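The values are calculated or read from the model by the stated rules, or taken from the named source; none is laboratory data. The model shown is predicted, which means the values in this text are computed figures rather than measured ones. With ideal geometry, Cβ positions are generated from the backbone for all residues, glycine too; neighbour counts draw on all protein chains shown. Only protein heavy atoms, including side chains, enter the accessible area calculation; ligands, DNA and RNA are left aside. Shrake-Rupley method; radii C 1.70, N 1.55, O 1.52, S 1.80 Å.
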Amino acid sequence: MIKREVKKNVYLIPSVDWHRRLFDSLIPLPEGTSYNAYLVEGNEKTVLIDTADPAMRAEFMDHFTEIKNIDFVVSNHTEQDHSGLIPAIMDKYPRAVLLASAKAVNMLSDHLAIPAGRTRAVEDAETLDFGGKHLKFIYTPWVHWPETMSTCLVEDKILFSCDFFGSHLATTDLFVGDEVVVYEAAKRYYAEIMMPFRKIIPGNLDKLKDIKIDIIAPSHGPLYPNPSFIMDAYRDWVTGPPRNLVVIPFISMHGSTAKMVSFLVDRLAENGVKVMPFDLSVTDLGKLAIALVDSATIVIGTPTVHVGPHPAVSYAVSLANSLRPKAAFASIIGSYGWGTRAVEAIAGMIPNLKMELLPPVLCRGVPREPDFKALAGLAETIASKHGEMKLK
């Protein structure tokens, strides 16, 4: 794609990967993704903010065939999907200076072998005058690495936020068009990448509240001409109360656990609780992560495999432990053949989740009347617990 003018002398350098379907060999990308770099021309010097993934090298470097000089390269984040083509840029422009946070300088050397003599650490809140324009560097650590920062173009009120506020979305839109589509993509991005650091994010949001921002320009997805759209969404996802929602990730080998899940879904609905079951044999884990953002309760459904939880359930539980959602309650349901330690195993897998464990419901073989009665009791307990909370 050709470069796009954001404001006068400010350009998006887009690299759109329409066909990528997996990120970090882990995260599903149903809508592809994009890598946004930005070229800013001052009266005296030219600045490039971030680069792109090495897989996009040919497309990215084509943008620079007619650009004679770049004086500064700003690295907001060391991860290779944004910094991976910095070496190519530094080779093409041998007098360019690489600017990054103090922690990033060493990390760029570790990950990309950037010579120390080509880099300069910028301080938090430091400004750079490059001729009629000023960049202000704002440390925003742990969104989602320790060295991350955002860069504000002061005169144009543009915040280059890198991964912060990003969305994995391949699109030709320069600015947010369909807010529903972007909201879903941004929420998926938050759930999969930012949610583990939700207790740190409020401090970073506070650092931005007194900065005049007309446009947020992330390094994935379209730009936000209405910054409050995404900033308010982040505040809701991070600090807002959970919803009256139960998420049930489950798998069933011979149908018993599936019967228990189906019964529990119905009883919860009868008690006025919204439920989202996820069959782990077919589900998009990104959709599960999105649901975890808002859930008040997580119920894990698993058959027993060699006295422990099914491996697919173990993976999902490990994922939830890493994501650290704000759910307040959890329980476990499922079936076993002759013995089980699934509850003990799952409890040991979630040290990061500070949730109250509600009584589990496990049955030997197919569920029978006492098991269904216990599930009905679990549904009533969950509804009661939700009723005692401040929920959305």
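Taking only pairs six or more apart or across chains, which ones have beta-carbon atoms under 8 Å, a first residue in region 201-218 that is closer than 15 Å to F175 by Cα and touching a residue at least 60 places away in the same chain (Cβ under 8 Å), and a second residue that is part of a strand (DSSP E or B) and basic (K, R)?
Cβ pairs passing all conditions: I215/K7.
Name the residue that is most open to solvent (accessible area, probe 1.4 Å), counting only residues in region 317-368 that are free of Cβ contacts under 8 Å to residues at least 24 places away in the same chain and not in a loop (DSSP other than H, G, I, E, B).
E344
Are any residues in region 284-305 open to solvent by less than 40 Å² (accessible area, probe 1.4 Å) and part of a loop (DSSP other than H, G, I, E, B), and if so, which ones?
Scanning region 284-305 gives S295, A296, T302, P303.
Conditions (1) of a type outside the set (S, T, N, Q); (2) in contact with a Cys (Cβ under 9 Å, 6 or more places away or on another chain); (3) outside any strand (DSSP E or B); (4) surrounded by fewer than 22 Cβ atoms within 10 Å (Cβ to Cβ), marked per residue:
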{"site": "F229", "(1), (2), (3), (4)": "yes, no, yes, yes"}
{"site": "V247", "(1), (2), (3), (4)": "yes, no, no, no"}
{"site": "V265", "(1), (2), (3), (4)": "yes, no, yes, yes"}
{"site": "L268", "(1), (2), (3), (4)": "yes, no, yes, no"}
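Could you please let me know if G272 is touching a strand residue (DSSP E or B) at 6+ places or on another chain (Cβ under 9 Å), over 20 Å from A320 (Cβ atoms) and either open to solvent by less than 30 Å² (accessible area, probe 1.4 Å) or of a type outside the set (S, T, Y) (or both)?
no
Which of the residues that make up region 326-340 are of a type outside the set (G, A, S), within 12 Å of P303 (Cα to Cα) and at pLDDT 95 or above?
I332, I333
From the residues in region 306-316 that are in a helix (DSSP H, G or I) and free of Cβ contacts under 8 Å to residues at least 60 places away in the same chain, which one is most open to solvent (accessible area, probe 1.4 Å)?
Y315
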